[in-house]
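Each remark here refers to the structure printed beneath this line.
Each reported figure results from applying straightforward, stated rules to the coordinates on display, with no laboratory input. Computed from a prediction, not measured in an experiment: that's the story for all the values here. Cβ placement follows ideal geometry from the backbone for every residue including glycine, while neighbour counts extend to all protein chains displayed.
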Amino acid sequence: MADTVHEFDAGDLGCAEGLPAEFKKQLEAIPAGDVLEIVARDPSARDDLPALARMLGHEVLSNEWNEEAAVVIRVRRKEGA
């Protein structure tokens, strides 16, 4: 069974401008078991968002740079998190 992936392009929204709160809101909007793929241009998101996801009880699947110098993070939403 393939994962259902929901995409969230954060654009230029940075961690200091509310990206963590928007990330949390996006995760809460998808069903448990689905994957949220976040594309962020703020370099600090590479460390901050995976840490937040783990703190909230979700599973970080990947965290890497893409060819446009943006970080791409994939998180599976866990049940009850």
Need the full-extension length gain, residue 55 to residue 41, defined as separation in residues times 0.36 nm minus the C-alpha distance. One decimal, nm. 2.8 nm
By count of other Cβ within 10 Å, fewest leading, how are 75, 60, 35 ordered? 60, 35, 75
Of all GluC sites (Glu not before Pro) in region 50-81, the ones in DSSP coil with at most 16 other Cβ atoms within 10 Å are 67, 68, 79
Taking the chain, how much of its Cα-Cα pair set, in percent, is spaced more than 17 angstrom apart? 37
